[in-house]
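Each reported figure results from applying straightforward, stated rules to the coordinates on display, with no laboratory input. Being a predicted model, the structure only gives us computed values, none of them experimental.
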Ligand code: ADP
């Protein structure tokens, strides 16, 4: 404010449009199509999907089998390219990244948690987290791995072979690995699909802990009503596009 001779004049000047800061959502799909071709057979997995997930949201992706949920996650993780449309993660448009930038994105920014087989079963829980940290370029991987395991209630499991952990513990080790490397986008495909109620609650707690501690954005594909209830928002899909 500028006060001169009783006159109050605002010094605020409306910025020119190009000077305004753009706040990108954490994840955005803009009119995305994905067509799989196998010989003469074409399968349209996504047909004009539009999604927007804000930073720090926990979103549940629901829909019948075959409606394109896993395809959506693999495009968001930059494991595959859309046939048309744009996938953005924060300020990045994934289609514009070169191979080097894509490798860096996959190693540091995004984490994928699947229903099973997330870990190297013959390595210990600590080694699993440490390898994920090494791939992301970290040096002090052992103590960071131990700290992450402690944070997710697995402090006593560091030396245990991952393959001998329970399903719920394995999921939490995978989430601890995402936490250790501060993955900003965590994509989980039916992470509690094979777990009982108590273990499902623990895994859900771990996903919530991820965003509470690090502000990660979490997208969970699920059929579980408990996971859908715990989410901030449910996005329903049908036939390769969004309903809500
Ligand atoms: P959801 O996760 O909802 O079950 P998907 O994304 O796995 O659905 O699959 C959507 C559609 O795309 C299905 O018809 C599926 O058979 C097809 N599809 C998925 N991946 C491939 C692939 N690699 N090659 C051919 N078709 C595929």
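Which whole-number percentage describes the relative contact order of the chain, with Cα contacts under 8 Å and a sequence gap of 6 or more?
Relative contact order for the chain comes out at 26 percent.
Taking just the C-alpha trace of the chain, give me its Rg and Dmax in Å.
For the chain, the Cα-based Rg and Dmax read 20.8, 81 Å.
As an exercise, take the mean of 1/r over every pair of distinct alpha carbons in region 74-150, invert it, and state the Kirkwood radius in angstroms. Please list the in-between numbers first.
Values: mean 1/r = 0.0707 Å⁻¹.
Every distinct Cα pair counted, the radius reaches 14.1 Å.
Rounded, prolate or oblate, given the Cα gyration tensor of region 146-201, with a/c below 1.5 counting as rounded?
Verdict is oblate for region 146-201.
Just to confirm the number: angle between the C-alpha axis of helix 141-151 and the first principal axis of the chain, 0 to 90 degrees, nearest 10?
Its long axis makes an angle of about 90 degrees.
Provide Rg and Dmax in Å for region 42-115, with only Cα atoms included in the calculation.
Calculated on Cα positions, Rg and Dmax stand at 12.7, 36 Å.
In Å, the Kirkwood hydrodynamic radius of region 153-235 over pairs of distinct alpha carbons?
Here the Kirkwood hydrodynamic radius works out to 13.1 Å.
What is the helix-to-structure angle for 167-180, meaning the angle in degrees between its Cα long axis and the longest Cα principal axis of the chain, kept from 0 to 90 and rounded to the nearest 10?
Helix 167-180 sits at roughly 40 degrees to that axis.
Between region 22-94 and region 98-168, how far is it from one alpha carbon centroid to the other, in angstrom?
25 Å
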